[in-house]
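*Asks:* The structure under discussion is supplied below as structure tokens; questions concerning it will follow.
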Amino acid sequence: MQYNVDFEVCALIFMIVLYLNFVMVKRLSNAQTRTYNALMIVTIFDIALDVASSVLINGYTPENKTANIAACTGFLILQAFLPYILMNYIVILADTDYSKKKRNFYFVVSIPMLSLEIITIMNLFGPLTFYFDKTGYHHAVLHDLYYIFAAFYIIVSLAYVLTSYKKVPLKNHIRIYVMAAVIAATTLLQYYHPEYNLTGVGVAIGIFILYLTVENPATYADSVTDAMNRRAFFRHHYELVRMHKQSQIYVMALDNFKIINEVFGMEGGDELMRRLVNSLKQGYPKGKIFRYNSDIFALILHHKSQLNTDETENLRHIIGNKVELNGLEVELSACVCHIPAKYELKTSLELTKAIDYAVSEVKSRGKGQRMELSEQFFNDMKRHATIEQAMLAAIDTNFFEVHYQVIYDANTKSFRSMEALARLNVPGYGYISPDEFIKIAEQNGMINQIGVLVLREVCKTIKEEKLRELGVEFVEVNLSVVQCMRDNLRDEIVGVIEEYGVPADMINLEITESVAAYSENTLIENMEKLIEAGIDFSLDDYGSGYSNINYIALLPFKIIKIDKEFVWAGFRDEKMSRILKNTIETFKDIGFKVLAEGAESKEMVSALIEMGIDHIQGYYYSKPVPREEMVALLKSNTIK
């Protein structure tokens, strides 16, 4: 019988080209990729020996019998091994966990392969799988074992995928089934038409399917910087965890890179990032460089010599090296977060949360800052997550706790208003400062829902407790930066007020100086819409860091609330006392009502009244208290 090797020759050429392309392109080094690499190599040699042995068989003479036996034996050794390594790859693709149970599985399923390898070698001493006589090549009694064991490994692979269906994405299911079907079809075709060599063709097609999907080098490459991408970062980290290898992670968040893009354009920014990645590669040839996000990079070090060193300063030095771009010297800076090897973040979710929280915290400190993750950091992160859960629970129950702090009217000598203050009772931590949970709510997008819940509770209190009959003219409700920038702010607030039938003039919205400085045009537009609806505004925390009398005069505020730190400074220093008095007088001359926060003693109250203050708020009169206590205080009409 003459063997047709045309298909196998084409498959061999195709596999060689595919393999060269695979090794030349950047890829992630992990168990899955390494197994795929081994599968390609074994397939190439298997097809090459298949072609060689078939050509020799076609031209068999007693003189070349030894060469024939050597070629056939080599081919069948690889033919016995190929289904096993293919099964290994499919198992890794289905489940990358490397446990003792998995090791036992590999050992058990390797027994048929090892048995067949022994049989193949023993064939040299007697006809077990093939033999040659005067007429040429013949199959021996055990030759069908190669087909049987190939079928066995395909069945084992598919069975493993089916039993791990929850861990395997649907796309991978489809890819594995298609690949197995192609290989099975070509193997069966060759079994019934042995004159055609086709098994290599089937495996080559299956490998190509994987190359286009699972093993596509573009999957893990960042096309802009030549670093590996975010997906590769998590994959590599998981591989280290799976193999129980310690690693240090450094996250570098570039400072003000948006300005670089604005000055040099996107191409200039991309060129700078490419140079940075190249510098990092030169500085850390044993490390892995990843582009974690648009302007955030990560370095993973897992070499033993690098596990106990702190590379933060060296990284800042590399990043800070001046480079020339378009004839100008450019110096980058970055905030660097260091995750020491002793902290094992085993899942992608844990790692993502730690990095995102660390970057957010270190960026808030300013440019070029550094942070090493510590026990305190993880405690803070846990606290952050617990606060988020508490806020979610409050939103789910459609209730957010509100306390009230009465405000003294110096002109009528009575409590005519109050401030509504959101309160959050977090299990394990107690009541959390609004400054803390409001910041978190602004970051995670919950602030709008919380703002509506607080306003609902205030309107409900005004209506049910009949606060106007108790002499209350208005209740101050805080607005955050995020809320103030919403296009539908007016409709949202007026909708809640109308729902409870509360007079619009009983709601006074407070915004801080930082909000006023954030986006003047948007803010003025929203303020004017709400003022038309009958709602007034107060400026909160004046003197806390953004004091600018110019923009305050332009914005339609009714009341200016002087921050308690400013007030306290006026009672510690004579110069500050004069500044405080002049500030009050200036605002009153412009036409504002003025409120002083932080009044804690009778002497402070008397002095503030003498300065001409309109409203006083502070612990001297009352701390923020629950609704019931606030109502009791109003009804008692007790004023110190």
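*Asks:* Which of (1) open to solvent by 20 Å² or more (accessible area, probe 1.4 Å); (2) touching a strand residue (DSSP E or B) at 6+ places or on another chain (Cβ under 7 Å); (3) small (G, A, S) is the odd one out, the single condition A596 does not satisfy?
*Replies:* Result: A596 fails condition (1) only.
*Asks:* Can you name the residue in the stretch 480-512 that is under 18 Å from L421 (Cα atoms) and modelled with pLDDT under 90 and, of all such residues, is surrounded by the most Cβ atoms within 10 Å (Cβ to Cβ)?
*Replies:* Step by step, filter the stretch 480-512, then rank; the result is I511.
*Asks:* Please work out which residue is surrounded by the fewest Cβ atoms within 10 Å (Cβ to Cβ), limiting yourself to the stretch 215-263 and to residues that are assigned to a loop (DSSP other than H, G, I, E, B) and of a type in the set (A, V, I, L, M, F, W, C).
*Replies:* Top of the filtered list is M243.
*Asks:* Find the residue count for the stretch 144-176, including only residues that are surrounded by fewer than 17 Cβ atoms within 10 Å (Cβ to Cβ) and either in contact with a Cys (Cβ under 8 Å, 6 or more places away or on another chain) or not in a helix (DSSP H, G or I) (or both).
*Replies:* Of the residues in that region, 6 qualify.
*Asks:* State whether the residues of the stretch 468-475 include one that is buried (at least 18 other Cβ atoms within 10 Å of the Cβ), outside any loop (DSSP other than H, G, I, E, B) and modelled with pLDDT under 95.
*Replies:* no
*Asks:* Here's a follow-up. Could you list, in sequence order, the residues of the stretch 602-620 that are surrounded by fewer than 20 Cβ atoms within 10 Å (Cβ to Cβ) and more than 21 Å from K558 (Cβ to Cβ)?
*Replies:* K602, E603, M604, S606, A607, E610, Y619, Y620
*Asks:* Further question: Go through (1) of a type outside the set (D, E); (2) touching a Phe, Trp or Tyr at 6+ places or on another chain (Cβ under 9 Å); (3) over 19 Å from R230 (Cα atoms); (4) loosely packed, with under 14 Cβ neighbours inside 10 Å for M266 and report which single condition fails.
*Replies:* Every listed condition holds for M266 apart from (2).
*Asks:* Next question. Kindly provide the set of residues from the stretch 453-467 that are open to solvent by 50 Å² or more (accessible area, probe 1.4 Å) and within 34 Å of the chain's Cα centre (by Cα), ordered by number.
*Replies:* R456
*Asks:* Do any strands (runs of 3 or more DSSP E) entirely within the stretch 272-331 hold 3 or more residues that are at pLDDT 85 or above and under 20 Å from Y343 (Cβ atoms), and if so, which?
*Replies:* Once the strands (runs of 3 or more DSSP E) in the stretch 272-331 are filtered for at least 3 residues that are at pLDDT 85 or above and under 20 Å from Y343 (Cβ atoms), what remains is 288-293, 296-301.
*Asks:* For the structure I just gave you, tell me whether A390 is part of a helix (DSSP H, G or I), among the small types (G, A, S) and either in contact (Cβ under 8 Å) with a residue 12 or more places away in the chain or over 17 Å from K623 (Cα atoms) (or both).
*Replies:* Taking the combined requirement at face value, the residue satisfies it.
*Asks:* Moving on to the next point. So, of the residues in the stretch 134-143 that are open to solvent by 60 Å² or more (accessible area, probe 1.4 Å) and free of Cβ contacts under 8 Å to residues at least 12 places away in the same chain, which turns out to be farthest from F208 (Cα to Cα)?
*Replies:* If we take residues in the stretch 134-143 being open to solvent by 60 Å² or more (accessible area, probe 1.4 Å) and free of Cβ contacts under 8 Å to residues at least 12 places away in the same chain, then T135 is farthest from F208 (Cα to Cα).
*Asks:* Also, quick follow-up: Which condition number in (1) open to solvent by 20 Å² or more (accessible area, probe 1.4 Å); (2) under 26 Å from D536 (Cβ atoms) is the one that S577 fails?
*Replies:* (2)
*Asks:* I've got another one for you. Could you list, in sequence order, the residues of the stretch 200-214 that are of a type outside the set (V, I, T) and more than 36 Å from the chain's Cα centre (by Cα)?
*Replies:* Correct list: G200, G202, A204.
*Asks:* Another one. List the residue pairs whose Cβ atoms are under 6 Å apart, where the first residue sits in the stretch 153-178 and is more than 19 Å from S110 (Cα to Cα), the second is modelled with pLDDT of 85 or more and buried (at least 19 other Cβ atoms within 10 Å of the Cβ), and the two are 6 or more positions apart or on different chains.
*Replies:* Taking only residues 6 or more apart or on different chains, the pairs are I176/I90.
*Asks:* Filter the stretch 33-61 down to residues that are farther than 19 Å from Q79 by Cβ and among the β-branched types (V, I, T) and give me whichever is surrounded by the fewest Cβ atoms within 10 Å (Cβ to Cβ).
*Replies:* Only one residue fits best here, namely T61.
*Asks:* I need a count of the residues in the stretch 413-430 that are closer than 30 Å to R383 by Cα, open to solvent by 20 Å² or more (accessible area, probe 1.4 Å) and part of a strand (DSSP E or B). Break it down stepwise before answering.
*Replies:* Step one: filter the stretch 413-430 for residues closer than 30 Å to R383 by Cα, giving 419-430.
Filter once more, so that each one left must be open to solvent by 20 Å² or more (accessible area, probe 1.4 Å): 421, 423, 425, 427-430.
From what's left, part of a strand (DSSP E or B): 421, 425, 430.
Counting residues in the stretch 413-430 that are closer than 30 Å to R383 by Cα, open to solvent by 20 Å² or more (accessible area, probe 1.4 Å) and part of a strand (DSSP E or B) gives 3.
*Asks:* Quick check on the stretch 340-388: of everything there that is touching a Ser or Thr at 6+ places or on another chain (Cβ under 8 Å) and open to solvent by 80 Å² or more (accessible area, probe 1.4 Å), which residue is nearest to F233 (Cα to Cα)? Step through it out loud before you land on a result.
*Replies:* In the first step, residues of the stretch 340-388 are kept if they are touching a Ser or Thr at 6+ places or on another chain (Cβ under 8 Å); the result is 341, 367-368, 370, 372.
Narrowing the set further to residues that are open to solvent by 80 Å² or more (accessible area, probe 1.4 Å) leaves 367, 370, 372.
Working: K367: 25, R370: 21, E372: 20 Å.
Applying the filter and picking the extreme gives E372.
*Asks:* Given the criterion modelled with pLDDT of 90 or more and of a type in the set (S, T, N, Q), identify the matching residue among S538, S544, S519.
*Replies:* S538
*Asks:* Same structure again: Looking at the stretch 115-130 only, could you name the residues that are farther than 18 Å from S157 by Cβ and either open to solvent by 90 Å² or more (accessible area, probe 1.4 Å) or hydrophobic (A, V, I, L, M, F, W, C) (or both)?
*Replies:* Once the filter is applied, which keeps residues that are farther than 18 Å from S157 by Cβ and either open to solvent by 90 Å² or more (accessible area, probe 1.4 Å) or hydrophobic (A, V, I, L, M, F, W, C) (or both), the stretch 115-130 yields I118, I119, I121, M122, L124, F125, L128, F130.
*Asks:* Please give the strands (runs of 3 or more DSSP E) falling wholly within the stretch 530-640 in which 1 or more residues are closer than 30 Å to R486 by Cα and aliphatic (A, V, I, L, M). Please lay out each step first, then the result.
*Replies:* Working: elements: 536-542, 559-562, 593-597, 615-617.
Filter on the stretch 530-640 gives 536-542, 559-562, 593-597.
*Asks:* Listed residues N30, N64; which is farther than 18 Å from L198 by Cα, of a type outside the set (F, W, Y) and surrounded by 20 or more Cβ atoms within 10 Å (Cβ to Cβ)?
*Replies:* Just a single option satisfies the conditions, and that option is N30.
The values are calculated or read from the model by the stated rules, or taken from the named source; none is laboratory data. Keep in mind that what you see is a predicted model, and the values were worked out from it rather than measured. All Cβ positions, even for glycine, are placed from backbone atoms using ideal geometry, and neighbour counts span all protein chains on display. The protein model used for the area step is the full one, side chains on, heavy atoms only, and it has no ligands, DNA or RNA in it. Shrake-Rupley method; radii C 1.70, N 1.55, O 1.52, S 1.80 Å.
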